[in-house]
Amino acid sequence: MDASVLPATRVSELRAHLRADRERCIADYDRHQNVTRLLRQLRLSVDHAIREVWRSQHLPRQFSLVAVGGYGRGELFPYSDVDILILHPAALSTAEQEQLTRLVSLFWDIGLELGHSVRTPEECRAEAAQDITIQTSLIEARCLAGSRKLFDTMQGMVWDALDIRAFSQAKVLELQQRHAKYQDTPYSLEPDCKESPGGLRDLQVILWISKAAKLGNSWHELAQHGLVSQIEASQLRRNENILKHIRAELHIVAGRCEDRLAFDVQTALAKRMGYVETPGKRASEHLMQRYYLAAKTVTQLNLILLQNIERRLFPREKSPAIRINERFQNYDELLDITAPDVFEREPSAILEAFLLLQQHPEIKDMSARTLRGIWNGRNLIDAKFRRDPKNRALFLQILKEPNGITHALRRMNQWGIIGRYLPVFRRIVGQMQHDLFHVYTVDQHTLMVVRNVRRFTLQEHAHEYPFCSRLIANFDKHWLLYVAALFHDIAKGRGGDHSELGVPDARRFCQQHGIDKEDTALIEFLVRNHLTMSRVAQKQDLSDPDVIRAFAKTVGNERRLTALYLLTVADIRGTSPAVWNAWKGKLLEDLYRLTCRVLNPQGAQNSEHKSELEERRHEALRLLQLHGLRADAHEAFWKQLDVAYFLRLDAQDIAWHTQVLYNKFDTDHAIVKARLAPFGEGIQVLVYVQDQPDLFARLCCYFGNRQFTIQDAKIHTTGNGYALDSFLIAAPDSGSDYRNIIAMVEYELAQALHLREPLPTPVKGRMSRQSKHFPITPSVDLRPDERGRYYLLSLNATDRTGLLYAVAYVLAQHQINVQSAKIMTLGQRVEDVLVINGAELSSGRAQIQLETELLAALSA
């Protein structure tokens with residue numbers, strides 16, 4: 001068929017008509033502000049043009065033209081791509097291929113930004129089974145022209161093959177991965193109104209899952225099915241409408257498909273949407289605060305909806321709630337209130353809820369009922385509430401808890417609790433920062449700084465912050481740094497020097513919460529001087545003794561210096577992932593060390609020499625001398641070990657490893673040594689071998705085959721490329737002859753490492769009787785560290801024989817390397833954190849596949 005069937009003049013007319021239609025639709029939108037009508041009118045205009053082109057080409061009658069994606073859903077933003085699928089029943093002839101090539105060219109010629117695919121129904125089914133994105137687009141498919149029968153055949157195949165549980169799990173993993181990409185916050189200064197947390201994509205995920213599960217195609221239908229209340233459905237509709245307005249206006253202002261609220265369009269967008277400047281606040285700031293409010297509400301309701309849908313799709317045997325106290329209970333690993341009016345009767349329970357999540361790691365989150373209660377009861381936090389000594393003690397205890405501080409504060413901010421409890425904090429929620437380096441709003445940056453300080457204390461982040469990890473190991477009262485972090489930018493947006501203006505707020509908080517004078521003075525010092533160290537390090541000559549002496553005079557003592565250094569590093573790294581670099585790190589570390597010499601001129605270098613880390617090293621050396629090693633025997637071996645090694649192991653283990661390896665740490669053969677654990681029951685196993693692919697899996701395989709339970713594992717890679725791994729294992733028979741077991745492990749494991757036979761497929765081991773009655777829902781969390789070099793893989797599951805090998809086998813299949821690991825078995829609960837890397841981790845699709853396989857490996 002000749003392309004002249006559609007004359008060039010008609011092609012030009014269609015192109016001009018589409019352009020004019022878009023302008024007409026936008027003009028109508030400007031008059032009526034009805035974004036739903038705009039998206040429908042734009043879609044109808046494109047439908048008309050596409051059908052005319054299709055008819056002009058006289059394609060075989062059994063072919064079908066299908067709209068997919070957002071276009072299939074019936075929505076088209078002003079400059080969005082148009083996604084289509086051309087269905088054909090069987091293999092294409094040469095003539096048919098040429099026809100389709102002309103068809104696609106004509107679609108481009110009339111001005112469509114086209115995304116297209118050509119498939120048979122069988123190919124649709126096969127590719128949908130392999131790719132969650134294709135599967136999602138096909139469940140929203142809409143027949144435009146051609147054979148309805150072929151379209152129905154394709155839809156039947158796709159829907160028949162759809163596993164709703166697998167689909168739901170994959171979409172949730174995809175959502176988590178996307179949120180991690182945006183640092184799990186809607187409060188970026190230049191958010192993507194479609195993809196960022198709280199954006200339109202979050203709402204689409206809910207509707208995709210609910211449609212696939214036949215729970216409803218709209219918020220009204222979800223409310224009818226009891227998944228949300230009518231009020232929540234109304235909030236979802238309203239905020240979806242706001243986000244659609246913003247996205248449509250963004251396309252119009254940019255004149256192209258643009259979903260990111262970049263600085264260079266915010267002003268024009270705010271003006272077009274009718275926002276005006278007020279004293280102290282730009283029009284664009286009013287716009288962005290409106291966006292943040294909508295995105296925040298979406299994230300809140302999304303959490304409730306996903307939880308309710310999960311319960312509907314994955315029903316579990318009802319187990320009795322475990323009572324925590326009169327107000328709260330553990331119901332299916334969720335913190336649930338014991339009665340609907342708990343917060344009305346005892347408003348302090350609002351803060352208590354966040355504290356209990358920190359204190360009970362077996363509880364994954366709050367129930368939908370609890371979240372609703374907190375949201376509806378947030379107005380109970382008033383002046384009387386803030387003056388109550390009980391509430392002040394609860395808030396301070398949240399900051400003092402050893403676990404869950406970052407998550408608690410983020411949850412409290414997400415649900416509006418921090419701003420209610422600290423009115424000064426409420427003023428910085430959604431506060432923009434117009435500079436060249438911040439990428440978050442003030443409140444989100446503040447919580448990122450708290451997170452960074454917290455990470456200094458965690459072993460699994462020691463490879464990211466080795467010097468900070470050393471310093472904080474000997475710093476008393478970590479929570480003082482969290483308070484300083486909360487208040488360091490509290491006065492931004494008020495005009496004037498926010499470092500000075502924030503000091504009275506910090507002082508008032510300390511006085512109200514009973515913090516002693518010395519600690520109050522430290523917090524005031526940190527708030528006032530949180531920019532000083534960065535300014536001196538980057539803008540003054542550190543080789544000038546006068547500069548160092550002046551800075552030393554400002555800080556006064558080593559405790560303040562250490563606190564200021566830690567806060568400064570956390571602050572800089574909390575502005576943007578791109579701001580921190582090795583040069584800035586070296587300048588700050590040099591300034592720290594030079595100042596230490598001025599503050600402590602007698603030769604005691606600085607506080608790190610008195611730290612827990614150094615005490616551990618000294619104790620290890622003392623033990624080595626008791627075994628007759630010369631004083632310098634350890635030096636060459638220790639040079640191969642990083643800070644994380646010394647932070648994770650105690651002095652006895654360090655001394656044992658050194659005694660075994662000090663004179664053969666460059667060996668060509670695997671070294672396996674075992675001994676009775678110095679504490680309690682169990683066997684400690686040391687493995688030292690040149691690093692190799694699948695090593696972690698090979699070790700776990702051996703222990704699993706021998707029915708050993710791995711109670712703890714510490715995985716390290718030395719500077720000279722060797723794996724130095726330490727395991728604590730327990731034999732299946734408590735009455736075992738440990739002497740024979742030790743000899744067996746040393747011989748067999750060394751042989752296994754030498755032979756390097758192919759890894760066998762894991763077999764799911766037996767669970768304990770208790771585990772069967774109290775199962776733990778498995779979870780996988782994968783996210784990159786700040787430098788993007790490594791990923792942190794967090795796993796939670798019910799323990800069973802061979803579980804760690806099942807995990808290691810999946811990693812090996814994906815050629816993922818384990819750099820370090822913290823393996824914890826707490827009763828029947830496994831909580832593992834692995835630092836991993838590998839080429840596949842750079843692909844979002846591969847990450848989802850990996851997480852899916854890991855969840856399958858963890859499941860009972």
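The values are calculated or read from the model by the stated rules, or taken from the named source; none is laboratory data. The structure presented is a predicted model; accordingly, all values stated were derived computationally and were not measured. Backbone-built Cβ (ideal geometry, glycine too); neighbour counts: all protein chains shown. Only protein heavy atoms, including side chains, enter the accessible area calculation; ligands, DNA and RNA are left aside. Shrake-Rupley method; radii C 1.70, N 1.55, O 1.52, S 1.80 Å.
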Those residues of the stretch 270-286 which are assigned to a helix (DSSP H, G or I) and either in contact (Cβ under 8 Å) with a residue 24 or more places away in the chain or touching a Leu at 6+ places or on another chain (Cβ under 6 Å) (or both) amount to Ala270, Ser284, Glu285
Selection from the stretch 190-211 of residues part of a loop (DSSP other than H, G, I, E, B) and either surrounded by fewer than 21 Cβ atoms within 10 Å (Cβ to Cβ) or of a type in the set (Lys, Arg) (or both) yields Glu190, Lys194, Glu195
Log entry, pairs with first residue in the stretch 698-725 being at pLDDT 90 or above, second being basic (Lys, Arg) and assigned to a strand (DSSP E or B), beta carbons closer than 8 Å, six or more apart or on different chains, reads Asp725/Lys714
If we keep only residues of the stretch 684-693 that are surrounded by fewer than 20 Cβ atoms within 10 Å (Cβ to Cβ) and at pLDDT 90 or above, then the residue farthest from Glu748 (Cα to Cα) is Gln690
Picking from Ile350, Ile304, the residue that is surrounded by fewer than 22 Cβ atoms within 10 Å (Cβ to Cβ), hydrophobic (A, V, I, L, M, F, W, C) and either in contact (Cβ under 8 Å) with a residue 60 or more places away in the chain or not in a helix (DSSP H, G or I) (or both) would be Ile304
Exercise for the section: Say whether the condition of being in contact with a Phe, Trp or Tyr (Cβ under 6 Å, 6 or more places away or on another chain) and either assigned to a helix (DSSP H, G or I) or more than 22 Å from Pro402 (Cβ to Cβ) (or both) is met by at least one residue in the stretch 480-495. Expected result: no
Exception for Val807 within (1) in a loop (DSSP other than H, G, I, E, B); (2) crowded, with 16+ Cβ neighbours inside 10 Å falls at (1)
Among residues of the stretch 353-394 being touching a residue at least 40 places away in the same chain (Cβ under 8 Å) and among the aromatic types (Phe, Trp, Tyr), the residue most open to solvent (accessible area, probe 1.4 Å) is Trp375
**Message:** Yes or no: the stretch 557-566 includes at least one residue that is among the basic types (Lys, Arg) and modelled with pLDDT of 95 or more.
**Reply:** yes
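Considering the stretch 265-320 alone, what residues qualify as being charged (D, E, K, R) and within 21 Å of Gln235 (Cβ to Cβ)? Before you say what the answer is, go through the steps one by one.
The initial filter retains those residues of the stretch 265-320 that are charged (D, E, K, R), namely 271-272, 277, 281-282, 285, 290, 296, 310-312, 316-318.
Answer for the stretch 265-320, where residues must be charged (D, E, K, R) and within 21 Å of Gln235 (Cβ to Cβ): Arg290, Lys296, Glu310, Arg311, Arg312.
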Here the qualifying pairs (Cβ atoms under 9 Å; residues six or more apart or on different chains; first in the stretch 53-81 and closer than 14 Å to Leu103 by Cα and open to solvent by 10 Å² or more (accessible area, probe 1.4 Å); second at pLDDT below 95 and not in a helix (DSSP H, G or I)) come out as Ser56/Leu6; His58/Met1; Leu59/Met1
Reported set for the stretch 757-795 where residues are open to solvent by 50 Å² or more (accessible area, probe 1.4 Å) and either in a strand (DSSP E or B) or modelled with pLDDT of 80 or more (or both) is Glu757, Pro758, Pro760, Thr761, Val763, Asp781, Arg783, Pro784, Arg789
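Out of the residues in the stretch 717-729 that are open to solvent by 20 Å² or more (accessible area, probe 1.4 Å) and either more than 18 Å from Phe696 (Cβ to Cβ) or not hydrophobic (A, V, I, L, M, F, W, C) (or both), state the one that is farthest from the chain's Cα centre (by Cα).
We begin by selecting, within the stretch 717-729, every residue open to solvent by 20 Å² or more (accessible area, probe 1.4 Å); these are 717, 719-721, 728.
Then keep just the ones that are either more than 18 Å from Phe696 (Cβ to Cβ) or not hydrophobic (A, V, I, L, M, F, W, C) (or both); that gives 717, 719-721.
Working: Thr717: 26, Gly719: 30, Asn720: 32, Gly721: 30 Å.
So the residue we want is Asn720.
Give me the residue from the stretch 542-559 that is assigned to a loop (DSSP other than H, G, I, E, B) and open to solvent by 60 Å² or more (accessible area, probe 1.4 Å) and, out of that set, farthest from Thr595 (Cα to Cα). Talk me through it step by step, then tell me what you get.
Let us first name the residues in the stretch 542-559 that are assigned to a loop (DSSP other than H, G, I, E, B), namely 542-544, 556-557.
Within this subset, residues satisfying the condition of being open to solvent by 60 Å² or more (accessible area, probe 1.4 Å) are 543, 557.
On the way: Ser543: 12, Asn557: 9 Å.
Step by step, filter the stretch 542-559, then rank; the result is Ser543.
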Of the residues in the stretch 254-267, those that are surrounded by 15 or more Cβ atoms within 10 Å (Cβ to Cβ) and not in a loop (DSSP other than H, G, I, E, B) come to Ala254, Arg260, Val265, Gln266, Thr267
